[in-house]
Amino acid sequence: MLFRLLSPSSGIELSVEGQEHPLYPPIQQVLLALLLVRVGRAITVGQIVDQIWGEDAPMKARENLKAHVSRLRSWLRGIVGDRVQIVHKGGTYTARVPPECIDLHVVRRRQREAKAVLEAGDVTLALRLLREAEELWQGEALAGLPGAWAMRMAESLDGERRDLRRDRIELELRLGHHAEVLAELQQSMADHPIDETVAKQLMIALYRSSRQADALRVYREINRHLREHLAMRPGSALDELHQRILHGDAELAVTPVYHRGGGDSQPDTLPADVPYFTGRAREIEVVDGLRAERGNGLSVVLQGMAGVGKTALAVHLAYRFAGFYPDARLYLDLRGHDRVSAPLDASGVLLAALRMLGIPATRVPLALAERAAMWHAEMAYRRAIMVLDDASGFEQVKPLLVGARNVLTLVTTRSRFEVEDGVVVVPVDVLPDAEAAELVRRVVDRSAGAGADVVERVVRFSGGLPLAITLRAGSLGGPVERSHGLPGFDSGHQQINAAFDLSYRGLTVEAQSFFRRLGLNPCRDITVPTAAVLSGFPIARAAWFVDVLVKHHLLKEMRDGRFRFHDLVRLYAYDRTLREDSGGDRRRAMERLLNHYVRSTEKAAFLSEGGQPPDGEVLAPGFGFTDATSAKRWLEEEWGNVLLLADYAASHEWKAYCVRLTHEMCEFLDAEGRWAEAVAACEQALQACRELGDARGVAVMLLELGRFRYRVSRRAEAIQLIEEARRTYIGLGDRRGEARTLDRIGLVNMLEGKHRMALAYTEEASALFRTVGDAGGEAGALAHCGLVNASLGRYTQALELLEQALVAYRAIRDRRGEGETLNNLADIQSHRGYHRDAVALYEQSLQIFKEIPGRQNLALLDKNLGEVYQYKGDHQRALEYFTAAIATFQNSGDRYHETEVLICLGRTYLEMGAPDESMIFFEKARDIAEVIDRGHEKAWALVGIADVNYARGRYRPALDLCQAALDIARDGGDDLYQEAQVHKRMGDISHCLQEPSAARISWRQALGIFESLDLPDAEEIRIKLDALE
């Protein structure tokens, strides 16, 4: 059943099961429209008479109205029976119709829902809801209805429709759909030439479509119309937009949904452009022509021999066209010919590319097809450049060539391979003599000069290969000698080999040694401290030699303080160290590097957690950090290199280093939500331990792998791993390790809602830690015991245990443990109703997590503070906290906590009297809880949906939902608080259904639990029971 006030046909229609029932008498149509527009609200007879007839009301208007109401009732009864009622009471009439049966109210409901989910950060869902609203608005509102009221209401509703369209287009623009709305906006501008909102949206759409001149023309047109017709000029907002477009504002060009706030720049991993880039006029002209012909969406493969300058050309093209692609500029080394690491496969390429966009690894699916689908969806409306460097074959890059109209993909490869239709191969050959000569002149130090004969000699020597030219030009004056050649290189590369030899021989003996040592580095980047460790030189000396290599074009600075070899230069350096350095020298260099990273990682992890060096200990400058802030920054910059080193160590003779490096990174990876990377690293370290025969290491890594498998929702595997770790520790007689596994098993059971089992494990762990004298382990187990007791409603014991844990953490200066315990104490005080105490504890915890790594902890604090302000009735502030929290959880892929925050959002909107908005959040929470198999959260989501139905007066569906939630709560664990809340709601619903016996039984069950938990909710239940009696 649906009443159509917004029908394309004239008058009001009632649609029932696909059949339309028009209402013919005009007076009755106006009467019904009045009642439906204000459905559920009483309208006085006098108001109705005035709205229908105005000054032309007949002498017996009231009697006439009564007759029209009677006929209207008969018409409705004949179609829908008693489902629609017009109630007369106290000189008023009220239409009792479910609002979802009136198209106008469904439209308004969708708008409210869209506003709510938009505030929570879900732009896509908000747009879908607004599109649904517009689809319902099929024609002119109240078309054909007579009278002044109908005319005024139609005009008002027409304004609502325009506002709806503007809101929807605003979201279209936020999501990058500017091309799709251009025609619509141009028509709206023609229809409303002085509408500044439409002008603003049209100017933005044109500007983001690379039509700056057209956007400026729109401003001039509306400026002229306003002056001619209203003697006004555009407002300040449109003026400011005009100035931004006039000056080519790069930030305005960014698609808003992809805009990174907080001062972060757009995804940009491009290396610096070559400062002396020269020539390539033909290749650039080809790509220019392809863009002109096909638009911004283009896939180009730059194919040519090693050293011919493919990467330099691709990066230069990326910078040349960067203004057309403001949303992302990405560079990814596919490692097609890497000495150290194997080439990325297509699945790995997709993962790396998605991660560069900021997609958390935990959200990236495992299957190749699903990863490709996610990539296509992410790039559908992004205007982005992607450089895929050093591809080994077309299959490696095929899933990324999406054919999106606004993505420029540049692939470089040495291989010759077939491509699919739509992908263009551009051959890259050696430079022509003229361009080669110009490159020589640009590379050579101007102060040294370069005569024509010198330029000609370098060109001839280099064979037009840019890499050979830059190396040779940087070593002018040296003799040309025969190269011994690189492994796998044929005679076609003799110019590069000779150039390498010449540059190398132009170095001092010390610089040559330094260069060779850097060839051993398995990390992607080189820093001065890394170079110092590998070479054995002091920091200052290493910095000087890095500068020498940069000046000789053997090393390139990628970004501040980070340098990289061209892959051929790296290969040459490695070949030189194999030829000239002994195996012992190379081994000692690598051991220095591994030891350096182990010590650095240990120190950084310790300091970043708030630890302090022992009295008198001063960190060497080579560590690159001296306090918690700089240690945290070091971990954020180096964690990828640490995992690369661990991977290298695992595949060589240093497996023990792999284990140590991985173990030291676990806490950081956990705190930062990098769980997928941690899983891969721990799996490798576990295998290394098995190969070493290190049983204790096996137990450690089983425990860590279990932790991260649980994080990525592979819970059954996680529990098996932890149990295996426990058995291993028992076999070793390692009581401390056994205690750690007991504590972890307890924690898992707690998260699964099995609190009594969890308590047994955590208490056993606490006692065992105390026996072996492990103060940190005991503090953690005490904290977990406290949490389990809180879940069981034993708040006094929980507070005592958490206070003991807090004292212990402070004694050992464990800042993370202290912060987490303060947060848990605050949770309990909030639960008990002591909200002022809770806020004070949350703020103490917040201060700690601002100083140490822990985005997840900060987000949890936002959620918890939001719940406090929700309880206080400060709903707007609560929504601000929840919105901040859910953004972090979505970015890290933490779907468990995302579900919790969605439930909090639903409750907040329900308390604000917005059941439609709250239902959106509860349903999303239920759906995610089902996907991740979290019964506890699903039960709370069902309770929320039941609350919405209760608020709408739908008591039977609400009762059924509560019963479903109760079944889950009883089956999934022993959360007594959740069970009591469900019983309380079931009592409330039964009372509304006038079933006092059922209400009494439910309330008594709730009362028994609340009394056992010593919660203030018990008093509310007693009052309900007394009133019932």
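The values are calculated or read from the model by the stated rules, or taken from the named source; none is laboratory data. As the structure is a prediction and not an experimental result, all values here were calculated from the model. For neighbour counting, all protein chains shown are included, and Cβ atoms are generated from backbone atoms with ideal geometry for every residue, glycine included.
Test Met151 against the stated conditions and say whether it is surrounded by fewer than 14 Cβ atoms within 10 Å (Cβ to Cβ), at pLDDT below 90 and either within 49 Å of the chain's Cα centre (by Cα) or outside any helix (DSSP H, G or I) (or both). The answer is no for Met151. Condition check: small (Gly, Ala, Ser), more than 25 Å from the chain's Cα centre (by Cα) and buried (at least 21 other Cβ atoms within 10 Å of the Cβ). Does Ala925 satisfy that? Criteria not met by Ala925.
Within the stretch 188-222, the set of residues being without any contact (Cβ under 8 Å) to a residue 24 or more places away in the chain and under 18 Å from Arg131 (Cβ atoms) comprises just one member, Ser188. All conditions but one from (1) in a helix (DSSP H, G or I); (2) at positive phi apply to Ala199; the one that does not is (2).
With the condition kept exactly as written, say whether any residue in the stretch 767-784 is within 32 Å of the chain's Cα centre (by Cα) and in contact (Cβ under 8 Å) with a residue 60 or more places away in the chain. Spell out how you get there, then give the answer.
First, pick out the residues of the stretch 767-784 that are within 32 Å of the chain's Cα centre (by Cα): 780, 783-784.
Then keep just the ones that are in contact (Cβ under 8 Å) with a residue 60 or more places away in the chain; that gives none.
The answer is no; no qualifying residue exists.
Which one of Glu764, Glu752 is in contact (Cβ under 8 Å) with a residue 60 or more places away in the chain and among the acidic types (Asp, Glu)? Just a single option satisfies the conditions, and that option is Glu752.
Restricting Val943, Val931 to residues that are β-branched (Val, Ile, Thr), at negative phi and surrounded by fewer than 23 Cβ atoms within 10 Å (Cβ to Cβ) narrows the list to Val931.
Scanning the stretch 822-850 for residues that are closer than 26 Å to Phe1010 by Cβ and of a type in the set (Val, Ile, Thr) yields Ile828, Val839. For the stretch 188-214, a tally of residues being of a type in the set (S, T, N, Q) and buried (at least 21 other Cβ atoms within 10 Å of the Cβ) returns 2. Residues that are more than 20 Å from the chain's Cα centre (by Cα), over 20 Å from Asn823 (Cβ atoms) and surrounded by fewer than 20 Cβ atoms within 10 Å (Cβ to Cβ) within the stretch 875-913 comprise His875, Gln876, Glu911, Met912, Gly913, listed in sequence order. Criterion applied to Leu782, Leu792 was being crowded, with 22+ Cβ neighbours inside 10 Å and either at negative phi or out of contact with any Ser or Thr (no Cβ under 9 Å at 6 or more places or on another chain) (or both), and the one residue passing it is Leu782.
When we screen Leu993, Leu942, Leu1028 for residues that are within 15 Å of Ile903 (Cβ to Cβ) and without any contact (Cβ under 8 Å) to a residue 40 or more places away in the chain, the only hit is Leu942. Going by the structure shown, is Ser990 polar (S, T, N, Q), more than 21 Å from Arg108 (Cα to Cα) and in a helix (DSSP H, G or I)? In short, yes.
Among the residues that make up the stretch 303-323, is at least one of them without any contact (Cβ under 8 Å) to a residue 24 or more places away in the chain and either surrounded by fewer than 18 Cβ atoms within 10 Å (Cβ to Cβ) or among the charged types (D, E, K, R) (or both)?
The answer is no; no qualifying residue exists.
Would you call Asn864 under 29 Å from Glu637 (Cα atoms) and in contact with a helix residue (DSSP H, G or I) (Cβ under 8 Å, 6 or more places away or on another chain)?
On the way: under 29 Å from Glu637 (Cα atoms): no; in contact with a helix residue (DSSP H, G or I) (Cβ under 8 Å, 6 or more places away or on another chain): yes.
No.
So which residues in the stretch 301-318 are small (Gly, Ala, Ser) and in contact with a Lys or Arg (Cβ under 7 Å, 6 or more places away or on another chain)?
At the first step, the residues of the stretch 301-318 found to be small (Gly, Ala, Ser) are 304, 306-307, 309, 312, 314, 318.
Those that are small (Gly, Ala, Ser) and in contact with a Lys or Arg (Cβ under 7 Å, 6 or more places away or on another chain): Gly304, Ala306, Ala318.
Taking the stated definitions as given, is Leu578 part of a helix (DSSP H, G or I) and among the hydrophobic types (A, V, I, L, M, F, W, C)? In short, yes.
Step by step: first the residues of the stretch 689-721, then only those that are surrounded by fewer than 20 Cβ atoms within 10 Å (Cβ to Cβ) and without any contact (Cβ under 8 Å) to a residue 24 or more places away in the chain, then the one that is nearest to Tyr896 (Cα to Cα). Which residue is that? Step by step, filter the stretch 689-721, then rank; the result is Arg714. Taking the stretch 274-285 as the search range and keeping residues that are surrounded by 15 or more Cβ atoms within 10 Å (Cβ to Cβ) and at pLDDT 85 or above, which one is nearest to Ala318 (Cα to Cα)? The extreme case among them is Ile284. Among all residues of the stretch 1011-1019, there is none that is surrounded by fewer than 18 Cβ atoms within 10 Å (Cβ to Cβ), at pLDDT 90 or above and outside any helix (DSSP H, G or I).
Out of curiosity, is Gln47 surrounded by 17 or more Cβ atoms within 10 Å (Cβ to Cβ), in the same structural domain as Phe3 (by TED's automatic domain parsing) and not aliphatic (A, V, I, L, M)? So Gln47 fails the test. Highlighted here are the helices (runs of 4 or more DSSP H) found entirely within the stretch 20-127 that include at least 2 residues which are within 50 Å of the chain's Cα centre (by Cα): 26-37, 103-119. Restricting the stretch 795-808 to residues that are under 27 Å from Arg970 (Cβ atoms) and in contact (Cβ under 8 Å) with a residue 24 or more places away in the chain, which is farthest from the chain's Cα centre (by Cα)? So, considering only residues that are under 27 Å from Arg970 (Cβ atoms) and in contact (Cβ under 8 Å) with a residue 24 or more places away in the chain, the one farthest from the chain's Cα centre (by Cα) is Thr796. The set of residues in the stretch 165-204 that are of a type in the set (A, V, I, L, M, F, W, C), closer than 16 Å to Ala126 by Cβ and under 26 Å from the mean Cα position of the chain (by Cα) comprises Ile169, Leu171, Leu173, Leu175. Scanning the stretch 356-374 for residues that are in a loop (DSSP other than H, G, I, E, B), among the small types (Gly, Ala, Ser) and within 18 Å of the chain's Cα centre (by Cα) gives a single hit, Gly358. Evaluated against (1) assigned by TED's automatic domain parsing to the domain that holds Pro26; (2) crowded, with 21+ Cβ neighbours inside 10 Å, Leu185 falls short on exactly one condition, (1). The set of residues from the stretch 141-159 being without any contact (Cβ under 8 Å) to a residue 24 or more places away in the chain and over 15 Å from Pro26 (Cβ atoms) comprises Arg152, Glu155, Ser156, Asp158, Gly159. Listed conditions (1) at pLDDT 90 or above; (2) touching a helix residue (DSSP H, G or I) at 6+ places or on another chain (Cβ under 7 Å); (3) closer than 21 Å to Ile1001 by Cα are all met by Asn949, apart from (3).
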